[in-house]
Amino acid sequence: MSLPTHDQVNEALRGVIDPELRRSIVELGMVRSIEVKDGGRVDVVVSLTTPGCPIRSHFQQAVAQQVSSLPGVSAVEVGFDVLSDDEKGQLQQTLGRGKLPEGALAQVKNVICIASGKGGVGKSTMTANLAAALEAEGHSAGALDCDVYGYSIPRMLGVNRKPEVYPERKILPLTAPSGVKVMSIGFFVEENAAVVWRGPMLHKAIQQFLEDVAWDELEYLLLDLPPGTGDVSMTLAQLLPQAKFVIVTTPQPAAQSVASRAAEMARKVDLEVLGVIENMSGFTAPSGERFTIFGEGGGQQLADQLDVPLLGKVPLAEDLREHADSGQPLVISEPNAPASQAIRDAARGIIASTPQELPVMQAPPAMAAPAPISGTELPVVQG
C-alpha cells in the first residue's frame, strides 16, 4: 500500500478544530511540520498558542485519529511546540483580536447565546432558568451576563459578591446555589449603579469575560445578550464563530417580527440558530381559565420561518417572576410548576441539539481501522 502524501495529511488535519478559536488548525497555521516516514509512520508537530494548553491531550487524540484514517498510515506520533511572538502577532491580526485566548474557553463544550430583537421578553429569566435546568438535568452550566447595561443575572441566580482572582490573573466565576457558574459586570460595580460605556469598552468587557474567566470544564455556557443586534452580537461573532443562538420571543406578531431580526443577524455572521422559545405564552387563572394576553402563535410562526424547532412555550406565571426576584430559579424551587416544566423541556431540546464532546474535530472522513499511536511525544520547543 502506498504512503499518504504531505498534502493528504494536511487535508486530514483540516478536521481538527481549535475549540477556543473554533477554526481548523490548518487554517490557523498551527501545523508546524508533517513528516511521512518509511513504514507508514507519520510525525506531526502542532504549535499551540500557550504552553499550558488545558486540552493538549484532546489535540493529540484528534490529530492521531484524523491522520490514522488515511490509507497506508501505520502509526501516528504527535508533538507540540508554541507559536513564536511574531506568529502570535500575525494570527491576532488575521483574526482581528487584541490577544489570543489562553485556555479559558478551551474546556467549554457548547456556547449558547440567548437573544431577542427587543427588550422585555424575559430573556434574562430564560437564561437563568435554562442554566439551572441544565444543571438539574446533570449537565454542568455557566451563565455570562452580556447585558452590560441592564445586568440582572446575579440577582436571578442568587449570587452577589466580588469574584476572586487567580495568581495567573484568571477571574473565578461565582457558583450559584443551583450549581451554575456565574459572571456579570454587576459583580464589579456598586449595587444598581449605571454602566455608561461606549462600544469599544463594551467589546473589551465581553472579551475579558470570555477569555479571562476560569470557566474550566463546562458542557454549556449560556450568554444573556442585550436587546437588539448591535455591538455585542458582532463581538460574539468575532470571538465565538461556532456559538449557537436561541431566540426568545413573546407570542404577539410585533415581538415575533423584531425577534426575527436577531435571527437574521446571527445567520448573516454565520452563527447557527438552534431554536425558538416562546415566553409569556398565555396565562391560566386560578379558576383554570386561560387568557392569551400577548396573543398566540408567534413563537411557532418564527420557528417555522427560521426552519428551527420551537423548543418551548413558557406560560406567563407570577411564580416565575417571584422566584427570579428572590434569586431562586423556579425550575429548582418548584420543578413541577407548568413554567418549570416548559423550561425543562426547552433545556432538554438544547441538550438533544448540541454535541456532548469538545469541538476538536469536524466532518471526519470515513474511518479505517485506527493505526497505533505512539505514546512518546516529540520534544516541546519554543517556536
Confirm whether residue 181 is modelled with pLDDT under 95, out of contact with any His (no Cβ under 9 Å at 6 or more places or on another chain) and crowded, with 24+ Cβ neighbours inside 10 Å. no
Restricted to region 49-74 and to residues being aliphatic (A, V, I, L, M) and surrounded by 21 or more Cβ atoms within 10 Å (Cβ to Cβ), the residue farthest from residue 362 (Cα to Cα) is 73
Considering every residue within region 251-264, establish whether at least one is at pLDDT 85 or above and either under 19 Å from the mean Cα position of the chain (by Cα) or over 27 Å from residue 139 (Cα atoms) (or both). yes
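Within region 285-322, take every residue that is charged (D, E, K, R) and touching a strand residue (DSSP E or B) at 6+ places or on another chain (Cβ under 6 Å) and give me the one that is surrounded by the fewest Cβ atoms within 10 Å (Cβ to Cβ). Walk me through how you get there before you give the answer.
Keep residues of region 285-322 that are charged (D, E, K, R), which gives 289-290, 296, 304, 307, 313, 318-319, 321-322.
Checking which are touching a strand residue (DSSP E or B) at 6+ places or on another chain (Cβ under 6 Å) leaves us with 290, 313.
Values: 290: 12, 313: 20.
Per the stated criteria, the residue is 290.
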Apart from one, (1) modelled with pLDDT of 90 or more; (2) part of a loop (DSSP other than H, G, I, E, B); (3) under 20 Å from residue 357 (Cβ atoms) all hold for residue 20; the odd one out is (1)
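Go through 72, 29, 52 for me and flag whichever is free of Cβ contacts under 8 Å to residues at least 60 places away in the same chain and not in a helix (DSSP H, G or I). Before you say what the answer is, go through the steps one by one.
Working: 72 fails: free of Cβ contacts under 8 Å to residues at least 60 places away in the same chain; 29 fails: free of Cβ contacts under 8 Å to residues at least 60 places away in the same chain.
Answer to the check: 52.
Rundown of residues vs (1) in contact (Cβ under 8 Å) with a residue 60 or more places away in the chain; (2) more than 17 Å from residue 111 (Cα to Cα); (3) outside the structural domain of residue 184 (by TED's automatic domain parsing); (4) part of a loop (DSSP other than H, G, I, E, B), yes/no style:
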{"site": "215", "(1), (2), (3), (4)": "yes, no, no, yes"}
{"site": "223", "(1), (2), (3), (4)": "yes, no, no, no"}
{"site": "256", "(1), (2), (3), (4)": "no, yes, no, no"}
{"site": "286", "(1), (2), (3), (4)": "no, yes, no, yes"}
{"site": "295", "(1), (2), (3), (4)": "no, yes, no, yes"}
{"site": "300", "(1), (2), (3), (4)": "no, yes, no, no"}
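In region 280-326, what residues are among the aliphatic types (A, V, I, L, M) and under 31 Å from the mean Cα position of the chain (by Cα)?
So in region 280-326, the residues among the aliphatic types (A, V, I, L, M) come out as 280, 285, 293, 302-303, 306, 308, 310-311, 314, 316-317, 320, 324.
Residues satisfying the conditions are 280, 302, 303, 306, 308, 310, 311, 314, 316, 317, 320, 324.
Name the single residue, out of those in region 261-284 being part of a helix (DSSP H, G or I) and charged (D, E, K, R), that is surrounded by the most Cβ atoms within 10 Å (Cβ to Cβ). It would help to see each step written out before you state the result.
Restricting attention to region 261-284, the residues satisfying the condition of being part of a helix (DSSP H, G or I) are 261-268.
From what is left, the residues that are charged (D, E, K, R) are 261, 264, 267-268.
Details: 261: 15, 264: 13, 267: 13, 268: 12.
Taking the candidates together, the pick is 261.
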Listed by first then second residue, the pairs whose first member lies in region 159-183 and is over 17 Å from residue 333 (Cβ atoms), whose partner is of a type outside the set (A, V, I, L, M, F, W, C) and exposed (fewer than 13 other Cβ atoms within 10 Å of the Cβ), with beta carbons under 7 Å and at least 6 positions apart or on separate chains, are 172/164; 172/166; 174/161
Under 6 Å between Cβ atoms, at least 6 apart or on separate chains: pull out the pairs that start in region 125-150 with a residue that is more than 22 Å from residue 352 (Cβ to Cβ) and hydrophobic (A, V, I, L, M, F, W, C) and end on any residue that is modelled with pLDDT under 95 and assigned to a loop (DSSP other than H, G, I, E, B). 146/225; 148/195
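Test residue 39 against the stated conditions and say whether it is in contact (Cβ under 8 Å) with a residue 12 or more places away in the chain, in the same structural domain as residue 347 (by TED's automatic domain parsing) and not in a strand (DSSP E or B). Working first, answer last.
Values: in contact (Cβ under 8 Å) with a residue 12 or more places away in the chain: yes; in the same structural domain as residue 347 (by TED's automatic domain parsing): no; not in a strand (DSSP E or B): yes.
When the stated conditions are applied, residue 39 does not pass them.
Please state which one of 124, 116 is among the polar types (S, T, N, Q), modelled with pLDDT under 90 and assigned by TED's automatic domain parsing to the domain that holds residue 316.
Details: 124 fails: modelled with pLDDT under 90.
None of the others qualify; the one that does is 116.
The values are calculated or read from the model by the stated rules, or taken from the named source; none is laboratory data. Note that the structure is predicted; figures quoted are calculated from it, not measured. Reconstructed Cβ throughout: ideal geometry from the backbone, glycine too, with neighbour counts over all protein chains shown.
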